[in-house]
Structures are given as structure tokens and as C-alpha cells.
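Taking it in order: structure first as C-alpha cells, then the write-up.
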Amino acid sequence: MRNTMGLLFAYQNDEQMKVLTQKRALSSIPFGGRYRVVDFALSNLVNSGITKVGIITRDNYQSLMDHLGSGKEWDLSRKNGGMYLLPPFSQGGTGFAAGGSGVYRGKMEALLNAHNFIRKSDAENVILSAADCIFNMDFREVVEYHEEKDADITVIYHKAALEEKENGETGTIYTVDEDGRITDVAINPSPAIVKGEVNLGISQIIIGRTLLETLINECASHNMYSLHRDVLQRRVHDLKIYGYEYTGYCAKIDSVATFFDANMDLLSEDIRQQLFYQDRQIFTKIRDESPAIYREGCEVKNSLVADGCIIEGTVENSIIFRGVRVRKGAVIRNSIVMQDCEIQTGTQLEYTIVDKDVVIRENRKLFGYKMYPMVLAKGSVV
Amino acid sequence: MRTKKRTVAMLLAGGQGSRLGVLTKKVAKPAIPFGGKYRIIDFPLSNCVNSGIDTVGVLTQYMPLDLNAYIGNGQPWDLDRNDGGVSVLPPYSRGANDEWYKGTANAIYQNMHFIERYDPEYVVILSGDHIYKMDYNAMIEYHEEKGAAATIAALNVTLEEATRFGILNTTDDNKVYEFEEKPAHPKSTKASMGVYVFTWKKLKQYQEADEADPNSSNDFGKNIIPNMLNAGEALYTYEFAGYWKDVGTLQSLWDANMELLLEDSPIKLNDNSWKIYARNPNEPPVYNGPDSKIINSMVCEGSVIEGTVEHSVIFYGVKIGKGAVVKDSVILPNTVIEDGAVVEYSITGQEVHIGKNARVGASEDVAKAFLAPGKMTGYLAVLADETQIGDGIVVKPGEMLDQNRL
């Protein structure tokens, strides 16, 4: 799709992620044994034939930059197009040209910072993709649909029930008419009032590039900043906004609980098939580790184990990332253990998320609760 | 104008490896999968990069497609460079009597212009059949120090083993005075590892002379080295004490895979100071099913294990069904072993399909009691790439199959 470019929002709201985002953006949280959250959105763009992707960051982006490198693992290290990192304050100048405050109250303000990048492109369409979704999707069909409907904007939604959120951000809900056109946009309604299955947006939006430029300008000059409130909701009647239903697996990572659940979803064969065994691969940074070694006496059930691990203990219903060492007599259940951790002899973990490089010494017992998993910060020693 | 390089490595990767039987039916020996995710050629290539050698010519001849695709632009080994990097050098038609590579030395001779482009001081000659970690740079420094024309890496073997190798007889300071190919009565136990450092000017001179000799078989061991010795050139051995394994036979390939499972494995694949790089299969982590049991094994990403795996090396993309048992085996990539099948003491090729309740091989002890060993396989059962074994079918120990059995 030479006529389409991607813009990835890699700085999602992360207050609900606790220590997992202390030193990194939500999009670079390790996920699923060997990936980072951003790999899914980025691979989707690449797999849809998009060769030019801008990545909008805001803060804590060192870890993300380290992960993405030159973009070669996603085939985005290119002469034409490729990957462009767009950190705040990157455009220079003052006022409008400065791209706002760098704080980004909303996506339109973030896009203001990328307006030069957008303007210089000759793409017809832009995919605005939030990097907090775990899904595997071919955008080609959506762009076709967008063009067929002669839409100004096409939003992608899936059928889901609203869930209670700590911060009240339940999501954007679309009312869609028979033709697929959006007739109403509701933002963060209460699950107490809106019940049953709704058309819940997954923050993947197709828009014409010139229209996007105009909207960025309009929003900036009126001190408006929200893509959902100030564009999709406010302009629902005067722009042709269409909806496209995505029917595959989709998990939005916006809290420790959703992160935990989405990881555990990977233990389902159906979901693994949908995410990993399509024609569309999920790419990630390569670590060159040898395959995992399972030693005498280990017991691993219903779990994912990545390369570079040495397993001597017991692992059940868990996700074990690359380079983890599980010593004899250690028991890990319903937990997520990120890369290069060491779980020593006799230690028990249950409903615990262990961030990178953690050492849990002998005979420690750490128990979280299913709805409220315990989280250990990167590099800690227990 | 290209940058001058101090060292160019030439990797001889054209051999068929006929002693590996059906495993090399479609791929050259250096492209044979090893150790769960690697190929044999990853070892010399990674050694080059880790030794600071960034210009490598890979000479192919037999079944080069897989090898070419695998090496690609050399990116997995950091060998995609502006200057140098990895170049695949296939045989090409030249002059009136175009021909294949006649011998190892002829292969280098035919690619002389590749070496000349970099105007190197030293040329390292490597082969793609061995599993080892070696710092070639230390060897070059030794070569330089000795002022040698050629330095040959040597491994101390037992006297019995010495009859199977090229043996280097040296004086006390490692100066070679005689080279014997597979001697019946070895005088020394210094075996050539097939790793040579040559001063390029000297090698070029002897190669040109060797090419002019119509009776020469154009081989390093048979011609170049003896000729250099006869002419009184300074040849030295460089002693290598680490792990080195020739995986030229089915049994040694199986052994080398199994040695990776030892708690104190002689070859550390994850040692950050000397990593072995491979082209990445990009697969999700291994899924271990609720009834799976894996012990004393290595399992690569992308595999789904529902059955039992014991003392085995499982490559990427392998599926082992419920109730299936894999024991003492090497299962190459993308193989499917259906529910209830039993695979024991076997090497199965890439993309093999083993049907429900089929039985491939048997334990070595059991097989020994009932059967004579296979010619190349011993008591191993070996399946070629893409072999299909039907439900309930039996493949006996020692059998080597390159056709479906349905």
C-alpha cells in the first residue's frame, strides 16, 4: 500500500500500569514471552504493506527506542520510507510550529508535533494506530473499504461489553447505521448504564492525509486537542465517518489487570493461532538466545517458555520470557516472569508479574490475587 | 576502490556431506540444522565476526539454494557491511573448459580475484562442517609472531583417532616438518582441524604453481601443504584446546546435539562474550500443553508440545501431539508428530510428518539385541526432509528413509 502511511501513538496513558511503566512507555512493556506491546501494532502496519511509519512518543521513550533500533526487524530500515521516531519538541520554532507543549493533552496535539512529517508525505491515507492493542489485523481490507465508501474517516471497532475502569476511561462507543456510517460517538460512558455488547473502538483509524492536515490546523487554532472528542464526536455529522468491524482477537492494554489477562489469553490455542500463526507474523527485536533447556525433574504445564531459559523447577499456567532461570524446587503458577530473571530454589510465585532482571532469592513466597496481581519492579532483588 | 582488509576468510561450504545420508539430499552439509535453531555454518560465521573478521567469502557448490537463502545479506551475523561483509561465491563458468571446483585449493584459486579485491595480508581458510568456538584472530597473531607462511590449527587427538585425520608432525616449537593424511602408524597426535591461516602472497604463489601442475588434485592437504613443506616454507601448528566436533556422520551429528543437553555442556551457546548467531525463525515461545512432559531436552521457540519429550533436541515449529513420546532424538524444524506416535533414537529431517501411533526407531539397547546396524545410520532411524509416515506405520532402527511410507 504505497499510498498509505502509518502513524503509531506509542505514549498511551499509563497511570494504571504501576511500576511496569516506571521507566518505559506502555508500548514497550514486554509481552507474551518475547514481544513488546508495540510489536503488534507495528507488525500489523508492516504486514499490510505499509513502508512508512512515524512513531509518536512523549516521555520515557528510551526503552522504546532501544527496542525499535533502526527498525530492521520490521523491515523498516529503508531508503524509501521506513521508520521515523517523532519525539516531542522535534520540530523547533515557536507557537504552532513548535508542536505545542510536548505534554500532549490529546492525540490531535500530538499530531501537531508530527505535522511536518505528515505534510511532507505524499500518501493519500494515514492509519492512526494506538500501540496499546494486542491484535493481528490486515489494514488493507480497511483501506479498501474506506475508499469504496468514499469515507473521510474510517474507525475500526470490535464487539465487546464495556468494562469498569479505575480511571473511568471505558472507551469510545460508536453507533453504526446499516450502511456502516457512524451516527453517534459516545466517549467513556458508564458500564452501569451502557450494558451488553457495543461497538467499542480499538483506536485504529484511517483518514485522508490532506483532511488530517486541515483538522490538525483547525484543532490547534481552536485550542482543541482530542481526536475522539474534538474530531470524531464533534464532526460526526459533517464528516463522512464510517465504521469497520474487526472480528479477531483484540486486547487493549490499559491496566495491570488487562495486561495480565492478555498474557494469559496466549495460553489458549485459538488465540495463539489468531495472533501468531496467520500469514502475518509478529516481528520483534532479535536476541540470539539458544533454545530453552528443560532439565531433569522440571515440570512445565500449560505455559509459554521462550528461548534462552533454563528450567529446573515447576511452571504452570505461566508466561516465561527469554533468558529466565527457574531453579530446582521453585514453583511458578499463574505468573508472568520477564526476561533474564532468576527464580531461586524453593521459591513460590503465584499471580505475580516479575519485571525484567529480577532475582528472587531462595524460599521466598510471593502471592498476588487473580484480579490484582503483585508486580515486582525491574531489577529488584527479593 | 575498496578498503584494504588485513584478513579475508574463505569458507568452503560446497561439500555434500554424503556420510550424512538422506539429510543432505536437498541441502549442503553446512546448512544442516543443529542445536535447536542453528545451522552448522553459524559456527564458523559467528567465529569470524567474533574474531573481528568482517570479510567472508562462502564457496558453495552442492545444493546451494537453501544455503544462499540462509546467508542472505549476512545481517544475522552482522556481516552486512559497506565494505566486505559476506559474499556467496558460487562456481562459475570461465574460459574454454568450464568446470566445477576440482578440489579445495582449486575452489580458492577460482575465487582469487575476490580475495585480491581486498588486498589482504592473510587469508583464513575454513570449512563448514565443524561445531566449535575459536578466536581466529589469536591464531593470526600467532602466525604473525612466528613469521609463518602457513599456520594450521591442530587438535590433540588420541592415537587411535589419529588414523582418521590429517596428522601434523612438528618439532618442539610447533614447526611442521611433515604432514600425513590418515597415517596407519601416526607419529604424532596433532590433527589438522581444517582451519588454515596463510600469508596471502605465499598462498597465491603456491596456488598458481599447483594449478600449472596437471597431475595435482588441487587440494590443500594433498598438494598445497606438502608442496610448501618441500619448498622449505615455515609452517606452524596452532594448538586448539577447546571443544571441536566434526559432525560429518549421522552418529557424530546426534552426539553433538546431545552434548548440548549436558549440565556442563562443552559448548556454551549463550555465552555473551562469544555468541553464536543464527537467522531467526521469528516464532512465538514454546507452548507446553497441560499434559506435556519435557525433561533433559532443548526446545526451540515456535514448538507446541502436548506429549512427552525426553533427552531430545527439538527445533522450531515442531508439533508433538498428545500421548506422543519423543526420546533420544533430534527433531529438525517444522516437523509434526501426531498423537500417540513414538520416536526413539532418531534424527528426523525438516518438515517431516509422522502419523498417529506410528513408531520410528527404538532405543539403542533394544535395537542392538535384535538387529544388525544400518550402514551409515548404526541403530539410528533417519528420515529425510519432508518424509511422510502414515498412521500406525513402523520405521525400524537403523533404517534411513527418503521416501514416504504411508
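Could you grab me the full set of residues in segment A:341-375 that are assigned to a strand (DSSP E or B) and open to solvent by less than 20 Å² (accessible area, probe 1.4 Å)? Scanning segment A:341-375 gives A:343, A:349, A:352, A:353, A:354, A:360.
Does residue A:12 meet the test of being over 22 Å from residue A:113 (Cβ atoms), open to solvent by 10 Å² or more (accessible area, probe 1.4 Å) and either among the polar types (S, T, N, Q) or within 14 Å of chain B (Cβ to nearest Cβ) (or both)? So residue A:12 fails the test.
Counting only strands (runs of 3 or more DSSP E) that sit wholly inside segment B:205-315, those with at least 3 residues that are open to solvent by 10 Å² or more (accessible area, probe 1.4 Å) are B:235-240, B:244-246. Take the residues in segment B:134-182 that are within 20 Å of residue B:201 (Cα to Cα) and of a type in the set (Asp, Glu), then tell me which one is surrounded by the most Cβ atoms within 10 Å (Cβ to Cβ). So the residue we want is B:144. Restricting attention to segment A:59-73, the residues being closer than 24 Å to residue A:3 by Cα and either outside the structural domain of residue A:28 (by TED's automatic domain parsing) or open to solvent by 30 Å² or more (accessible area, probe 1.4 Å) (or both) number 3. Once segment B:67-80 is narrowed to residues that are within 22 Å of residue B:17 (Cβ to Cβ) and touching a strand residue (DSSP E or B) at 6+ places or on another chain (Cβ under 9 Å), the residue that is surrounded by the most Cβ atoms within 10 Å (Cβ to Cβ) is B:71.
Exactly one residue among B:189, B:199, B:249 is under 26 Å from residue B:120 (Cα atoms) and among the β-branched types (Val, Ile, Thr), and that residue is B:199. Just wondering, is there one or more residues in segment B:26-43 that are over 16 Å from the mean Cα position of the chain (by Cα) and either on the phi > 0 side of the Ramachandran plot or among the hydrophobic types (A, V, I, L, M, F, W, C) (or both)? There is no residue in segment B:26-43 that is over 16 Å from the mean Cα position of the chain (by Cα) and either on the phi > 0 side of the Ramachandran plot or among the hydrophobic types (A, V, I, L, M, F, W, C) (or both).
Somewhere in segment B:42-51, is a residue more than 25 Å from residue B:331 (Cβ to Cβ), outside any helix (DSSP H, G or I) and modelled with pLDDT of 95 or more? Within segment B:42-51, one or more residues are more than 25 Å from residue B:331 (Cβ to Cβ), outside any helix (DSSP H, G or I) and modelled with pLDDT of 95 or more. Looking at segment A:48-58, can you tell me whether even one residue there is touching a residue at least 24 places away in the same chain (Cβ under 8 Å), open to solvent by 10 Å² or more (accessible area, probe 1.4 Å), out of contact with any Pro (no Cβ under 6 Å at 6 or more places or on another chain) and within 14 Å of another protein chain (Cβ to nearest Cβ)? Looking through segment A:48-58, none of the residues is touching a residue at least 24 places away in the same chain (Cβ under 8 Å), open to solvent by 10 Å² or more (accessible area, probe 1.4 Å), out of contact with any Pro (no Cβ under 6 Å at 6 or more places or on another chain) and within 14 Å of another protein chain (Cβ to nearest Cβ).
Residue count for segment A:327-340 under the criterion of being within 17 Å of residue A:367 (Cβ to Cβ) and open to solvent by less than 20 Å² (accessible area, probe 1.4 Å): the result is 5.
Residues in segment A:262-285 that are charged (D, E, K, R), surrounded by fewer than 19 Cβ atoms within 10 Å (Cβ to Cβ) and within 12 Å of residue A:248 (Cα to Cα): A:270 only. May I ask you to list the residues in segment A:280-304 that are more than 7 Å from every other protein chain (Cβ to nearest Cβ) and free of Cβ contacts under 8 Å to residues at least 24 places away in the same chain? Result: A:299, single match. Considering (1) over 30 Å from residue A:103 (Cα atoms); (2) in a helix (DSSP H, G or I), the lone condition that residue A:290 does not fulfil carries the number (2). Checked against (1) open to solvent by less than 10 Å² (accessible area, probe 1.4 Å); (2) in contact with a Gly (Cβ under 8 Å, 6 or more places away or on another chain); (3) under 24 Å from residue B:251 (Cα atoms), residue B:36 passes all but a single condition, namely (2). Taking segment B:32-65 as the range and being β-branched (Val, Ile, Thr) and more than 14 Å from chain A (Cβ to nearest Cβ) as the test, the residues that pass are B:32, B:40, B:41, B:53, B:55, B:56, B:58, B:60.
Applying the criterion of being in contact with a strand residue (DSSP E or B) (Cβ under 8 Å, 6 or more places away or on another chain) and of a type in the set (Val, Ile, Thr) to the residues of segment B:10-33, the residue that is surrounded by the most Cβ atoms within 10 Å (Cβ to Cβ) is B:32.
The values are calculated or read from the model by the stated rules, or taken from the named source; none is laboratory data. Keep in mind it's a predicted model, so treat the numbers as computed, not measured. We place every Cβ from the backbone using ideal geometry, glycine too, and count neighbours over all the protein chains shown. With ligands, DNA and RNA removed, areas are computed over all heavy atoms of the protein, side chains included. Shrake-Rupley method; radii C 1.70, N 1.55, O 1.52, S 1.80 Å.
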